């Protein structure tokens, strides 16, 4: 909504003086107060704000943790326990940071799937979407490196397995791995550089988030109807107070889930093995990535060839960036695409099952017929992986050509009218029409 | 392929045989530990001080010869949310231990009695000494052991645990291990230096039954007054007491954490309620003027 004109009126002399020299108050007013948002947004649209909250929370708790943490192989594990035992509210900082990473990913997955369902990646939001994919990649790198810092068994062996993936690259692979490690195995130099990068990357994320929000405020938000804003007065409401209060309510609800884990179940999302100090001579029986990496780990393991597995894993994420052009449908919102709706939920299920496959032993039986294993976890993962890629490369391109979408509402206001029978947006309190 | 990369390939294969939330212990053999009741279960659960004190006695007289507690300080024993010994008791207790200090003004290291601010001294000066004394196995440190042991919960129990608050895999396993020593079943050969245990992954554990220090072969207490507070002296009781102590050692701020959590939840629910009403009120402005939202 770039054409949306500024409604900021400086009231005092100081405000006018500042506004003439650096219109920062105007910028804030225009983007957080008068910025028009579609009036039919549902609660899935609050996750952008929730993600912002989580990023800030991670940065603040992280900065405090760094004040007490020692990035050295001989001291890292001990210093984390020092934080847990001797630092005032250290346990809170550490548990909030560790669980915060998981909450961040829960929120980002909801945010991504919301975009997938409502076609938020389509014109004119392609760059907005691609910036989101970049943020997701940076998040994954940041989370992976952060998990290494406590220097427990899973830290060490997770780092070993994942960095070693790069050795699959032909010719230069081994040299790249040595370069990443800063030596011939995961050791102190590796821990030091991971610590350095783990501190750097959140600020890179913040930078890309600024671009992401800029792009968002330029093109305006998508909405559940997928119809663009036609009449500002009828189709939108000002960000403040409407979106502000709704986002705040959603954030507090999200914080309750967060608090449940931090205070009452702080180690549920972690691994017991990471309370064993790293031992390069002792491989754990099971090396498992954090839950938010499991679907991608499932894809990695599904491909029998090492290089192929690595390529498939990275391709599964990179593919998202091409989504705006792979989905050929003119209709944005899944709500008006009957066939797409089914495929969307199948795809969501496939992603969850991929995570399950990634978490299980490869030789575990999935399907047995007459005592014979017909399908094991590898085969299951392969079927799911093929479906994952087919969803983007076959189903979405063809669906747009053959699917008959439902009749779209003429405008956002009309869709609100149709869905409630009243003139008010979904989600607002219904009262009889006068 | 270099040795390193072959080693890593093996690691990846090992990593490929993965089980969710089954760290260290899922490898075949080793029964699922039975669930015990714990005073520290749930959002309002707290440690039983008398149990922690009994558990500390067991740790000190049975486990401490081989297993360190190097992240715990003597002063922790008198801090709130723990066994709550008095400061005087802790001072006397610490003085029974010797720690290395220095260098002094002559540049020499010297031994002195421990103070409450000191950490528990290690039972062995280094891993090699520990190995030499224990048939080649290093007895693990006990500071966080109650959080470092687990067993596979399986689906969907694993997910339901979020609601039921079950997170005592570690304590349940440790208790089971301590009472899990028995004669090997027919046909199972246990090598020299190993012992058969029902709950240990693979069933063959290097540690000999530690509770023989408390109970003789017939299961009779060596010292009927082992528990001066009159608690019935059974294997399960002793195992549970030392386990509870280890849980506290691993999570000394648990009571503070849960107490804070209850307050945080209360305020969040209140705030959510207020915001919900505010949201309804603000959005109701749109009810009667669909066309004039701006």
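Derivation of every value follows stated rules applied to the coordinates shown; laboratory data play no part. In this text, all values refer to a predicted model and were calculated from it rather than measured experimentally. Using ideal geometry, Cβ is built from the backbone for each residue, glycine included, and neighbour counts are taken over all protein chains shown.
Considering all C-alpha pairs of segment A:77-218, those separated by over 27 Å amount to 37%.
Normalising the average separation of contacting C-alpha pairs (under 8 angstrom, six or more residues apart) by the number of residues puts the relative contact order of chain A at 21 percent.
For chain A, modelled as a GNM whose springs connect Cα atoms under 10 angstrom apart, the maximal fluctuation among A:326, A:200, A:137 occurs at A:200. Taken as Cα centroids, segment A:215-268 and segment A:362-419 sit 27 Å apart, rounded to the nearest whole angstrom.
For segment A:347-361, the residues whose amide N sits under 16 Å from a probe point set 7 Å from the Cα of residue B:159 along the beta carbon direction are A:347-360. For chain A, modelled as a GNM whose springs connect Cα atoms under 10 angstrom apart, the maximal fluctuation among A:221, A:407, A:78 occurs at A:407. Inter-label distance, residue B:61 to residue A:339: 7.7 nm, where each label sits 7 Å from its Cα along the C-beta direction. Considering only A:329, A:102, A:185, the Gaussian network model of chain A with Cα springs below 10 Å gives its largest mean-square fluctuation to A:185. Note on residue A:9/residue A:232: beta-carbon distance plugged into 1/(1 + (r/R0)^6) with R0 of 22 Å gives a FRET efficiency of 0.75.
Compared with the dominant Cα axis of chain B, that is its longest principal axis, helix B:3-16 is turned about 60°.
When all alpha carbon pairs of the protein assembly as shown are counted in 20 Å bins from zero, the resulting P(r) reads 14, 43, 31, 11, 1 %.
For segment A:144-265, the relative contact order comes to 16 percent (Cα pairs under 8 Å, sequence separation of at least 6). On the beta carbon distance between residue A:184 and residue A:86, with R0 = 51 Å, the FRET formula returns roughly 0.90. May I ask for the distance between the Cα centers of segment A:277-350 and segment A:36-77, given as a whole number of Å? Spelled out, the Cα-based centre of one part sits 23 Å from the other. The slack in the chain from residue A:27 to residue A:204, taken as 0.36 nm per residue of separation less the alpha-carbon distance, amounts to 61.5 nm. Extending 7 Å from Cα along the Cβ direction at residue B:276 and again at residue A:197 yields two label points whose distance is 4.4 nm. A crude spin-label estimate for the pair residue A:383 and residue B:101, with each label 7 Å from Cα along the Cβ direction, gives 6.9 nm. Shape summary of chain A, radius of gyration then Dmax from alpha carbon positions: 24.2, 85 Å.
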